[in-house]
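Reviewing the structure listed below.
The values are calculated or read from the model by the stated rules, or taken from the named source; none is laboratory data. All values derive from a computational prediction rather than experimental measurement. Cβ: placed from backbone, ideal geometry, glycine included. Neighbour counts: every protein chain shown. These accessible areas exclude ligands, DNA and RNA; they are computed on the full protein's heavy atoms, side chains included. Shrake-Rupley method; radii C 1.70, N 1.55, O 1.52, S 1.80 Å.
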Amino acid sequence: TLERGDFAAYQRLLDAFRQQMSGWQAISLRGPDGRLLLHSGLAPAASETVADPESFQRAVQDRRAVIGNLTKRGGHWGVVLRAPVTIAGQLRYVLTAVLTPQAFADVVIAQKLPADWVLSVFDAHGARVARSRDHQRYLGAPGAPELVQLMRSPAPKGLGLTHSLEGEQIMTAYVRLPDSGWSTAAGLPTAHFFTATQRSLALYGGGMLASLLVALLLAGAAARGIERPITELCNAAAQIGRGETPAIPPTPIEELAGLGAALQQAGAAQRDAQGGRDAAL
């Protein structure tokens, strides 16, 4: 339709499409110079000038779809999505859709987080686009001071202790999208976090302690199993020293059994040598 330059047909297409898209305030078509060509939705007067010109320029220069930042036009908050339109390899138009912040809040609410959790979405300038609690009340506002400080890190993701806007201490994790600069931050009350951590540590520590006790018991049993035959072999060696024939007890330990056999041979050899000496005398 745009290749034919049939703007009337395209206008009808925009009107029909916008009515089917819940959460879309407006759709507009502009030239690369920003001139408004077609518009569907909010009063055209509110769209004569380009909202969020930064995102418009990025769409023109990079020739790729971009998401803008939260802006307020004509008393309405909105987020622009822009897509460049090329025809025969030439950039001819920029198509823009304006979404309501509620569209993002609906996605957040659909996650069905526990009531004491808090999840927020921020644009690249740090303005709050959606929040799982009191979405309308904090729309457009920055995050809590500690969260803002945490998200100033250049790292694309991070974790730290902060306080929610309601004053609760929470463990907060954030993730920043590299292309758009948008971020999400999720907070879990520290009471739940540390309870879960302590429970995990208790299970882990209890398991380690039980394993250690079992190991000590096994080591004690093994030590007793080795100590008895060694003591008896020591007694056997003393008997040989006195010229007696030792009685070597049986043992399942192969090395100690070999030592006992050697002592028996030594006792027999000593007895034979003693008999030879006696005969010689």
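Determine the order of Thr251, Thr86, Thr96 by accessible area, beginning with the largest, at a probe radius of 1.4 Å.
Thr86, Thr251, Thr96
With a 1.4 Å probe and all protein chains kept in place, how much accessible area does Arg271 have, in Å² rounded to the nearest 10?
Approximately 120 Å² for this residue.
Between Cys234 and Trp117, with labels modelled 7 Å along Cα→Cβ, what's the label distance in nm to one decimal, could you check?
6.4
Between Ala262 and Leu281, 0.36 nm times their residue separation minus their Cα-Cα distance comes to what?
In short, 4.0 nm is gained.
What are the radius of gyration and Dmax of segment 55-160, computed over its Cα atoms and given in Å?
Just the Cα atoms of segment 55-160 yield Rg and Dmax of 16.3, 54 Å.
Taking just the alpha-carbon atoms of segment 84-139, what radius of gyration and Dmax come out, in angstrom?
Taking only Cα atoms of segment 84-139, I get Rg and Dmax of 16.4, 54 Å.
In whole Å, what is the distance between the alpha-carbon centres of segment 42-115 and segment 124-190?
Computed from Cα coordinates, the inter-centre distance equals 22 Å.
Using 1/(1 + (r/R0)^6) with R0 = 30 angstrom and r between the beta carbons of Gln19 and Thr49, what's the FRET efficiency to the nearest 0.05?
Efficiency, rounded to the nearest 0.05: 0.75.
Would you compute the Debye intensity of the chain from its alpha-carbon atoms alone, equal scatterers and no solvent, and pass along log10 I(q)/I(0) at q = 0.08, 0.16 Å⁻¹ to two decimals?
The Debye formula, applied to the Cα set alone, gives -0.56, -1.19.
With r defined as the distance between the Cβ atoms of Gln169 and Leu217 and R0 fixed at 30 Å, what FRET efficiency is calculated, to the nearest 0.05?
Efficiency at R0 = 30 Å is approximately 0.10.
Note down the relative contact order for segment 3-162 as a percent, whole number, built from C-alpha pairs under 8 angstrom at least six residues apart.
Computed over segment 3-162, the figure is 16 percent.
Which residue fluctuates most in the GNM of the chain (Cα springs below 10 Å): Pro154, Pro229, Pro189?
Pro229
Using a Förster radius of 22 Å, what is the FRET efficiency between Thr86 and Arg35 based on their Cβ-Cβ separation? Nearest 0.05, please.
So, using R0 = 22 Å, E works out to roughly 0.80.
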